[in-house]
Amino acid sequence: MTERYDHILKSHRQYAEWGDEARKTWICQDRWIDLPQAKRAVHELEKILAYPPRGRMPCLLICGSTDMGKSEILKRFETQHPAGYDKRRGVSQIPVVRVEMVPEPLEADFYLQILLTVNHPNCEHYSARALRTTVHQILKEVSANVLILDEIDKMLAGTFRQQRIFLNAIRFLTNSLKIPIVCAGTETSRMAFSADPGLADRFRALELIPWRDDTAFRQLLVSFTGLLPLRKRSELDTPEVRKQILGMTDGVTGRIFKLIEVVALDAIDNKKEMLDLSSFEDPDLQLPLLSMQLMEERKGSKKQYRAT
């Protein structure tokens, strides 16, 4: 029976036979897709992980607009190098330590967050100096090979002095542990790192660039046709559809995926079972707020152009 859904990848045709609610649940689940920029970023992370210890370790800043997939890339890399347990030594082994930045760049809070990430509790009463020493000892003990700091932009919420102390803490960790540090943030974080000569000389920047109307974007839209459990063949690879999607999302990866999710759910609800240009032009479509704002801005610019 699944052969009638030959527009869907063979491994995914079974999902098209599910009921509406089950298909909608499947569409809403998180899943990894090997996008070109994401694959490149993971490859760079693998190179850094394999780098031998030396006095000045290479570090990496993954930067890009909000929702370009930075956190998903880091999570993917982390799952590919899961924690283990050394029975002989009786300690956990955590090759990749991924830490989400604290809301304010306070040195003590930063160290506490690292310790909580590696399940080392009961340190709240420690001084910043004691926490620094403990972090150094624990990361050595768990054989951390790379330290990842996600959402590094949060450091910009602090004062200039707090930012300097925090950046010095990063420099201390990579020097004392002789492990690479990977940070992820927006363009503003790149500018902050560039202002510190000691870190700017050590950190390479890998920028995630928004999608544009090229072969890679066409391949992405074609892949949706093969993955989504819609019972009719979608018409996504047309110049009009590509222009519409890019206009509604500014080419930001997360917005594109959310938009496709919204229209795919709508296609199941209204029994259309496929996506085409009209799917993205439906006035009743419940769009993410940012997509709605972009559409309104473009409508306003068109009206202004006609009036001049």
Strands (runs of 3 or more DSSP E) wholly inside the range 144-218 containing at least 3 residues that are open to solvent by 30 Å² or more (accessible area, probe 1.4 Å): 203-208
Does at least one position in the range 228-237 carry a residue that is surrounded by fewer than 14 Cβ atoms within 10 Å (Cβ to Cβ) and in contact with an Asp or Glu (Cβ under 8 Å, 6 or more places away or on another chain)? no
Considering the range 146-165 alone, what residues qualify as being modelled with pLDDT of 90 or more and of a type in the set (A, V, I, L, M, F, W, C)? Val146, Leu147, Ile148, Leu149, Ile152
Please state which of the following conditions Lys87 fails to meet, knowing it meets all the rest: (1) open to solvent by 40 Å² or more (accessible area, probe 1.4 Å); (2) in contact (Cβ under 8 Å) with a residue 24 or more places away in the chain. (2)
Take the residues in the range 1-50 that are small (Gly, Ala, Ser) and under 14 Å from the mean Cα position of the chain (by Cα), then tell me which one is surrounded by the most Cβ atoms within 10 Å (Cβ to Cβ). Ala41
Please go through the range 179-200 and pick out each residue that is under 15 Å from Lys154 (Cβ atoms) and at pLDDT below 80. none
Give me the residue from the range 238-254 that is assigned to a helix (DSSP H, G or I) and surrounded by fewer than 17 Cβ atoms within 10 Å (Cβ to Cβ) and, out of that set, nearest to the chain's Cα centre (by Cα). Gly247
I need the full set of residues from the range 107-141 which are in contact (Cβ under 8 Å) with a residue 24 or more places away in the chain, over 22 Å from Leu60 (Cα atoms) and in a loop (DSSP other than H, G, I, E, B), in order please. Asn119
Looking only at the range 18-41, which residues are of a type in the set (Asp, Glu) and modelled with pLDDT of 95 or more? Asp20, Glu21
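The values are calculated or read from the model by the stated rules, or taken from the named source; none is laboratory data. Source: prediction; values computed, not measured. FYI the Cβ positions are ideal-geometry reconstructions off the backbone, even for glycines, and counts take in every protein chain you see. In case anyone asks, the SASA skips ligands and DNA or RNA and just uses the protein heavy atoms, side chains included. Shrake-Rupley method; radii C 1.70, N 1.55, O 1.52, S 1.80 Å.
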